[in-house]
Structures are given as C-alpha cells and as structure tokens.
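J.: Have a look at this one before I ask anything.
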Amino acid sequence: MNMGPAETPVPQKVLPPISRPRQKRIREIQNLFDSGWKVAEIMAHFGISERTVYYDLEKGKELDRALAEGVDQAATLGREIRFLEESRRKELRAYHLAKNPQVKIGHMRNAITIHEKLMKLLQDAGLVIKMPERLSIEEGNPFSDPEFRAKYIALMKEARAKGIIIHGL
C-alpha cells in the first residue's frame with residue numbers, strides 16, 4: 001500500500017466469500033425486489049427457486065453490512081465537504097465572470113443551492129448546530145416570576161443544544 005506522509009491506512013472491507021458473478025446476481029435480485037418485483041417474477045427471470053431468492057436477499061444484506069463497515073466516515077464526510085466547497089467556489093467565480101445578467105442569476109442560484117446542501121450536511125453530521133435566535137413563551141403560561149422564567153428559557157435552550165426536540169423552538 002503506497003501511503004504519503006499524511007495519509008492513514010484505510011481498513012479493507014471484508015466481504016463474505018461469494019464469487020463475483022454470484023454477487024452480481026445478488027445485487028440484481030436486490031434491485032428487482034426493491035423496485036417492486038414479486039419473488040415469483042424474480043424466480044422466473046433467473047430460473048431459481050423461491051428459497052434461493054430469499055437466501056440471496058439475505059446474502060445481499062450481509063454484503064451491504066460489509067460495505068458499510070468498511071466506510072471511513074470522517075474521510076467520506078471530508079471528501080463531500082471539499083467537493084461542495086469547491087463547487088460553490090466555482091459557481092461564485094462563474095457568477096463574477098459572467099457578462100449576461102441571466103447567466104449571473106443562474107450561477108448565483110447554483111451557489112446558493114450548493115451552500116444550502118453544505119450547511120444541511122454539516123448540520124446532519126452534527127458539526128454545525130443552529131440555535132434559535134428568539135424564544136416565545138405562550139401567553140397565559142404559569143411562569144410569571146421573571147427569575148423563574150429566565151431559568152426556564154435557559155433550560156429550554158440547553159435541551160435544544162443537546163439535540164432534544166422541543167416543539168415551538
């Protein structure tokens with residue numbers, strides 16, 4: 001394995017001992033089943049038994065698990081972030097270089113869309129957390145004491161920061 005000074009070894013995924021042609025058939029069976037084909041239709045298409053179809057579907061799950069275990073989450077996330085940032089930079093550059101106003105609008109829309117996708121990715125990964133900028137407490141709530149009310153708001157913000165969903169925030 002040829003590694004540069006800053007690279008770390010990537011763990012190799014361990015796939016179940018299934019031949020390539022069989023893996024291909026398993027993937028085809030999974031795709032057909034997921035797209036709504038009935039087991040009987042898959043049996044007829046491949047000329048195999050019902051038991052083999054179900055067995056291959058189970059083996060497909062094993063293949064999926066093995067592939068998922070081999071994914072380096074940090075490297076994958078970093079690669080996606082880098083791709084989105086590069087795409088956004090290219091669109092902004094194209095926006096600044098464009099002469100036609102309609103083309104400029106198109107590039108800016110693309111840059112905004114890419115930015116939204118990047119922010120969603122970062123939020124979903126837990127790298128960016130959006131806190132509410134304002135908190136409204138319904139009229140008629142029992143917290144009339146200002147000190148207690150401030151503590152309640154602080155507690156709600158703390159719960160939200162920990163990812164506890166509080167309706168109304």
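J.: Take the residues in region 147-162 that are at pLDDT 80 or above and either small (Gly, Ala, Ser) or more than 30 Å from residue 126 (Cβ to Cβ) (or both); name whichever of them is farthest from the chain's Cα centre (by Cα).
T.: 147
J.: Can you name the residue in region 76-93 that is surrounded by 12 or more Cβ atoms within 10 Å (Cβ to Cβ) and farther than 12 Å from residue 114 by Cβ and, of all such residues, is modelled with the lowest pLDDT?
T.: By that ranking, first place goes to 77.
J.: Between residues in region 21-34 that are assigned by TED's automatic domain parsing to the domain that holds residue 60 and residues that are in a helix (DSSP H, G or I) and among the β-branched types (Val, Ile, Thr), which pairs lie under 8 Å by C-beta distance while being six or more apart or on different chains?
T.: 29/42; 29/53; 32/42; 33/39; 33/42; 33/53
J.: I've got another one for you. Within region 99-123, track down each residue that is under 15 Å from the mean Cα position of the chain (by Cα) and among the hydrophobic types (A, V, I, L, M, F, W, C).
T.: Matches in region 99-123: 114, 118, 119, 121, 122.
J.: Tell me which of these residue 127 doesn't satisfy, since it passes every other one: (1) at pLDDT below 95; (2) among the hydrophobic types (A, V, I, L, M, F, W, C); (3) closer than 30 Å to residue 19 by Cα.
T.: Looking at each condition in turn, residue 127 falls short on (3).
J.: Report, by residue number, each residue of region 27-60 that is among the basic types (Lys, Arg) and part of a helix (DSSP H, G or I).
T.: The answer is 27, 51, 59.
The values are calculated or read from the model by the stated rules, or taken from the named source; none is laboratory data. All values derive from a computational prediction rather than experimental measurement. Quick reminder, even Gly has a Cβ in these numbers, built from the backbone with ideal geometry, and neighbours come from all protein chains shown.
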